[in-house]
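S.K.: Just passing along the structure, written as structure tokens.
The values are calculated or read from the model by the stated rules, or taken from the named source; none is laboratory data. Remember, predicted model here, so these are calculated numbers, not experimental data. All Cβ positions, glycine included, derive from the backbone under ideal geometry; neighbour counts span all protein chains shown. Just so you know, the surface numbers come from the protein's heavy atoms only, side chains and all, with ligands and any DNA or RNA stripped out. Shrake-Rupley method; radii C 1.70, N 1.55, O 1.52, S 1.80 Å.
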Amino acid sequence: MLESLCTALRLDPSERTHLFLLARGEQPPLRTPPVETVDPAVAAMLPLLTPNPAYVTGRRWDVLAANLPARALFTDWFARPPEQRNLLLWVFTEAEARRRLVEWEKEAQALLARFRTASARHLEDPRFVDLIETLRRRSPEFHAWWPRHDVRGRTSGVKLIDHPRAGRMTLTHTVLHADEAPEQKLVVYYAEPGSVDATRLRTLDHPTAERNSATAAATTAVRS
């Protein structure tokens, strides 16, 4: 009954603990995080957004689905093992991320601040702890910046991206949320219609790529 109440009220870990202490005088049991899946309607949107890169991330910034332009713009998430399909791991530990994100330090710090805000809701989730420890071990910058306790909300913005084939582009991105899964984020990148950046963006849609693999990837479930 208490767990159902926590779910209905969308209590964060601290509020859940407080409720159990009031009701039973004891700490709540550790909660096993559910498997995250992308809503079929959201997954079906991704190919329709082409040539605009679009992807869906989960509560831990794992990439749950992505269309072909997004996989070309950043990395082919679904060619990686499931435990490596994580946006923070890519940004902080991959040399390619530093080459593609022109303002890498600014982008990395903003991403870390947004992740810290989200992680506060999952203090009981060992996968968050494991990810944070991995990042502190593998990234000197993450290790140095994490103790600052910077926080930031989820916002849209502009990114400067230097792509090896398409060239340098200024892209606007917007972040959308579905009511059914409020911690999942649909991120869409786009350029001013008719601009040079819009023309360059179209080169990311591989006409010879395996489109069926994108559809399969869009329904991949990642435990996070």
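S.K.: Looking at Asn52, is it open to solvent by less than 10 Å² (accessible area, probe 1.4 Å) and in contact (Cβ under 8 Å) with a residue 40 or more places away in the chain?
M.R.: The answer is no for Asn52.
Per-residue answers, yes or no, for (1) in contact with a helix residue (DSSP H, G or I) (Cβ under 6 Å, 6 or more places away or on another chain); (2) open to solvent by less than 70 Å² (accessible area, probe 1.4 Å):
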position: Glu3; (1), (2): no, yes
position: Arg16; (1), (2): yes, yes
position: Pro34; (1), (2): no, no
position: Arg59; (1), (2): no, yes
position: Gln84; (1), (2): no, no
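S.K.: Can I ask one more? Working only within segment 9-19, note down all residues that are over 23 Å from Arg127 (Cα atoms) and either among the β-branched types (Val, Ile, Thr) or modelled with pLDDT of 75 or more (or both).
M.R.: Within segment 9-19, just Leu9 meets the criteria.
S.K.: Considering (1) at pLDDT below 95; (2) touching a strand residue (DSSP E or B) at 6+ places or on another chain (Cβ under 8 Å), say which one Asp130 fails and leave the rest.
M.R.: Only one criterion is unmet by Asp130, namely (2).
S.K.: Quick one: how many residues across segment 165-224 are within 20 Å of Val42 (Cβ to Cβ), of a type in the set (A, V, I, L, M) and modelled with pLDDT under 75?
M.R.: Looking only at that region, the number is 6.
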